[in-house]
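None of the figures in this text is laboratory data; all of them are computed from the coordinates on show. Quantities reported herein were computed from a predicted structural model and do not represent experimental measurements. Cβ atoms come from the backbone with ideal geometry, glycine included; neighbour counts cover every protein chain shown.
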Amino acid sequence: MGMGAGLEDKVNLGDVVVATTVWDISSRRLEPDGPKKRPDPFKLGPVLSRHIEYFDPEQLRWKELLHSCMPRLAMYSEIPKVEPSWTPSFHSNNILSGPDLVADGSIKSLIYEYDEKARLYEMEASGFASTCDELGVLWLVFKGISDFGDPNSKDTLNGDIKLRKIWQPLASLSAATAAIKFLENNYLSRDKQF
C-alpha cells in the first residue's frame, strides 16, 4: 500500500489503483549499440485476480470507512480540505514501477511506451512483487493517486508548492482503506486463506 503518480486523464487525486500487473521498467540489456529496454511483468495470481475482478468497494462501504478515518489522519498530517461529498474511484489496472522519482511530466509518455493499460507509476511495487514471487508468496499492491508526476500539476493547492505533498497521506489512506475492505470481504470474513 502507498501512493504513486497517476495518469491525469484517467485517474483523479485520491483514487486507488490495485495492480493487476506490475511492470518493472528498470531492466535493461546493455548492447554495443546502446541499452535495450527489457521490462519485466509481475502478474497477479489467478485467484487474487478473480477476486479483484469482482471486488466492488462501493457495496462494502469503503468510502464511509475512508471518511471516518480522515479526521484522525488530519490530527497527524496536513491533508487537503475536500468536500464531504468527495469520493475517490477504485481502478484495477496495470502499474509501472521504476527507480526514478518522476516529476517532469513524463508519466503519460512512460505509460504509453510500456503499457497503455497502466494508470500509475511508482517506485516500490516491482521489488515487492519480485520478492514475493521468488518466495512463492501471493501479493497485492494498492496505491492511491497522490500526484501526476508533473511539477505544474494539480497536486498543489492554489499553486502553493509548499503544499505539493499534501495528497500523499490521504492517497495512502485511500489505498489502505480499500485494501482493508478487500481483505475483509475476501479473506477475513470467511475461512479463506491466501
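In the chain, helical runs assigned H by DSSP with n ≥ 4 each contribute -39500 (n - 2.57); averaged across all residues and rounded to the nearest 500, the mean residue ellipticity at 222 nm is -9500 deg cm²/dmol.
With the highest mean first, a sort of the peptides 107-114, 139-146, 44-51 on other beta-carbon atoms found within 10 angstrom per residue produces 139-146, 107-114, 44-51. DSSP beta bridges fully contained in the chain are about 50 percent antiparallel.
Straightening the chain between residue 187 and residue 36 buys 50.2 nm, computed as 0.36 nm per residue apart minus the Cα-Cα spacing. Using the Cα coordinates of the chain, the gyration tensor eigenvalues translate into equivalent-ellipsoid semi-axes of 27, 24, 13 Å, sorted from longest to shortest. Other residues with beta-carbon under 9 Å from the beta-carbon of residue 90 carry, at +1 per Lys or Arg and -1 per Asp or Glu, a net charge of -3. Near residue 45, the amide H atoms lying under 5 Å from its own belong to 139; only residues 5 or more places off or on other chains count, and H is placed 1.01 Å from N. In percent, how large is the relative contact order of the chain, given Cα pairs closer than 8 Å and 6 or more residues apart? The value is 37 percent.
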